[in-house]
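The values are calculated or read from the model by the stated rules, or taken from the named source; none is laboratory data. This one's a predicted model, so the numbers in the text were calculated from it and none came from an experiment. The protein model used for the area step is the full one, side chains on, heavy atoms only, and it has no ligands, DNA or RNA in it. Shrake-Rupley method; radii C 1.70, N 1.55, O 1.52, S 1.80 Å.
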Amino acid sequence: MESMISVKGLTKAYASGFQALRNIDLDIHRGEIFALLGPNGAGKTTLINIICGIVRPTAGIILADGHDVVRDFRAARSRIGLVPQELSTDMFEKVRATVSFSRGLFGQPPDAARIEQVLRAVSLWDQRDAKIMTLSSGMKRRVMIAKALAHDPDILFLDEPTAGVDVELRRDMWAMVRGLRASGVTIILTTHYIEEAEEMADRVGVISKGEIILVEEKATLMRKLGKKQLRIQLLTPLSAIPTALARYPLELGGNGCELVYTFDTQGEGSGIAGLLRQLNDAGIGFRDLHSSESSLEDIFVSLVSARA
Amino acid sequence: MNLHAIRAIYGFELSRWFRTLGQSIISPVISTSLYFVVFGAAIGARMGSIDGVSYGAFIIPGLVMLNLLNESISNASFGIYMPKFSGTIYEVLSAPVSAAEVVLGYVGAAATKSVLLGLLILVTARLFVPYEIAHPLMMFGFLVLTAVTFSLFGFIIGIWADGFEKLQIIPLMIVTPLTFLGGSFYSISMLPPVWQTIALFNPVVYLISGFRWSFYGVADIGAGVSLAMILVFLSVCLAVVWWIFRTGYRLKS
Ligand SMILES: Nc1ncnc2c1ncn2[C@@H]1O[C@H](COP(=O)(O)OP(=O)(O)OP(=O)(O)O)[C@@H](O)[C@H]1O
Ligand SMILES: [Mg+2]
């Protein structure tokens, strides 16, 4: 897999002495959507800001599309767009002017048609001549996305793009991000909404206390660490699990009215059929079956709490 | 060279200025007019001429310098302080621009504004007093050099300041007194000898003296010395700005 961003041995100690990143190695593949997950203060924003040139690394090397982000910053940065976590905009500017400004700042010649495209893509064309201070915060967020896209970057960083954004706008953003990916843009996003990562990401990285503790294909991760549960609603309560069923990892719940069977999604032959047959043989009747799969959120919580 | 970026920053800063054009132009015009009413007409009528120049005409170069210094510093310091304060500086920091390009955009815009303002004050002054400019090219050269130098100085203050008070304190506590004591309204040679020597430590004396020479061909200090002093101050400011970007001082953690 060709690497679009390559981080090697990245360490950051802030002036306060606080160690925000510890020896980070990370490769982002060309054209993927990479979700960076981690609790508050894990170092997500620090990592992104260092790659984008806003914070200085203490040690380590970063390449963006093969260009060193410090020594060859011009080539590296002109390929990168950033939507930062904080909403900061020039309140008195007008939408179209501020987006054109961004395009120029990133070294592109003025192009009114392109700016119109970008503004339409984020549904801000009708507000093109509005002062930014008159916009709602969801619209401001979109202004910032438009600014980040104005110079047609190949790499887009979205630092919590959907924080404080309503459901509809979030769906719009997801659609937009997918569209960008389809056009070949590499996207790195951080989020606290695990469903977002689950829905969007090709790969997931988990960062905790300044260390990357896991990077995995989302599908693989869910398969490897995901658990399935089968809940069996019994007709008559049991006081204990019958010895005939001892070889299954069963738990008795709901005052003896429910049998809970937990199994890894990895082992394909999960033995549900066998279990149901045994139940039948033991004369245990049931009225309902309910199966569920753990979400990325469960996986994430168990990963992070395991390290704590 | 990222010319598009320089143009973007420069244009952004000028349009910020045009949004408040009324107040940016009216207030210096009014204050200059007031100076002329008070110093030129009321007091000046009782003053003899200095170095063969009528008092009203004598104070014009000093008045322009006074405004030029204040405007350069406040424009440039505000221009870079605001994005730091509002957080929009992230975009400049993450853009493919070099320090030189950032400085050209911000300082260039601030200097442009104050040069235009200086010219406007000269035009306003003409309504009150007739005067001639002996060396127009040198006059313009002094105007531009001073505007650039003090815009750079303002830029440094804007980066150093981490609150609005700090933004105001240097202009208020240092620059304004130095300008008033720098011979805007009198010739240094009118001071007692001890104070004449002390005045030579005031950089503004050189600015005003050189500038006045370009008008009337007479000066407290040789024009060459004045020019050299401006260039020294310009170099110092450039060196500080260079250091700021090299270390990321107050810009990057
Ligand atoms: N300028 C700074 N000086 C000192 N410490 C800082 C600075 N910026 C961030 N930190 C610290 O570095 C750590 C990582 O911060 P960072 O903003 O990268 O976290 P994050 O993962 O983005 O968190 P969140 O999910 O809340 O956005 C935090 O403990 C934070 O307090
Ligand atoms: Mg963050």
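So what is Rg over Rh here for chain B, counting just Cα atoms and using Kirkwood for Rh?
Working: Rg = 18.7 Å, Rh = 18.9 Å.
Taking Rg over the Kirkwood Rh, I get 0.99.
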Rounded to the nearest 10 degrees, the helix B:99-128 long axis (Cα) sits at an angle to the longest Cα principal axis of chain B of 30 degrees
With a 1.4 angstrom probe the carbon and sulfur portion of accessible area for the protein assembly as shown, in percent, totals 60 percent
Note on the protein assembly as shown: C-alpha Rg/Rh, Kirkwood Rh, two decimals, gives 1.19
Taking the square root of 5λ for each eigenvalue of the C-alpha gyration tensor of region B:133-253, the equivalent ellipsoid has semi-axes, largest first and in whole angstrom, of 29, 17, 12
In the protein assembly as shown the DSSP beta bridges are antiparallel at a rate, in percent to nearest 5, of 70 percent
Reported to the nearest 10 Å², B:D220 has, with a 1.4 Å probe, an accessible area equal to 60 Å²
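Roughly how many Å² is the accessible area per residue of chain A, as a whole number, for a 1.4 Å probe? Display every interim value, and only then the final one.
Details: 14220 Å² over 308 residues.
Roughly 46 Å² per residue, with all protein chains present.
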Averaged per residue, the 1.4 Å probe accessible area of chain B, protein heavy atoms only, in Å², is roughly 44 Å²
Nearest 10, in degrees from 0 to 90: the angle of helix B:3-19 to the longest Cα principal axis of chain B is 60 degrees
The answer for A:L156, listing residues at least 5 apart or on another chain whose modeled amide H is closer than 5 Å to its amide H, is A:G81, A:T186, A:I187, A:I188
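Computed from the mean reciprocal separation of all distinct C-alpha pairs, what Kirkwood hydrodynamic radius does region B:38-131 have, in Å? List each step's numbers first, then the result.
Numbers: mean 1/r = 0.0635 Å⁻¹.
Radius from the Kirkwood sum: 15.7 Å.
With a 1.4 Å probe, how much accessible area is buried between chains A and B, both sides summed, in Å² to the nearest hundred? Please list the in-between numbers first.
Working: alone 15480 and 12300 Å², together 25230 Å².
For chain A against chain B, roughly 2500 Å² becomes buried.
Set the bar at 19 Å for Cα to Cα. Now go through A:K94/A:K140; A:K8/B:K252; A:K12/B:K252 and name every pair that lies beyond it. Mind dumping the intermediate values first?
Numbers: A:K94/A:K140 11 Å; A:K8/B:K252 21 Å; A:K12/B:K252 13 Å.
Violating the 19 Å Cα-Cα cut-off are A:K8/B:K252.
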For A:K227, the aspartates and glutamates lying under 16 Å Cα to Cα, once residues fewer than eight places off in the same chain are dropped, come out as A:E198, A:E251, A:D264, A:E268, A:E293, A:E297, A:D298
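What do you get for Rg/Rh of region A:3-222 when both radii come from the Cα atoms and Rh is the Kirkwood radius? Mind dumping the intermediate values first?
Working: Rg = 16.9 Å, Rh = 17.7 Å.
My calculation of the ratio gives 0.96.
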Rounded to the nearest 10 Å², the 1.4 Å probe accessible area of B:D51 is 80 Å²
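How high is the relative contact order of chain A? Use alpha-carbon pairs under 8 Å, at least six apart in sequence, and give a whole percent. Can you show the working numbers first?
Numbers: 548 pairs, mean separation 58.0, N = 308.
Once normalised by length, the contact order is 19 percent.
Going from most exposed to least, what order do B:T247, B:T146 have by accessible area with a 1.4 Å probe? Could you put the intermediate results ahead of the total?
Numbers: B:T247 50, B:T146 0 Å².
Heavy-atom accessible area, descending, gives B:T247, B:T146.
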Computed from every Cα-Cα pair in region A:226-294, P(r) in 5 Å bins starting at 0 and rounded to whole percents is 4, 16, 31, 28, 14, 6, 1
Losing no less than 50 Å² of accessible area (probe 1.4 Å) relative to the isolated chain, the residues of region B:89-110 are B:Y90, B:E91, B:S94, B:P96
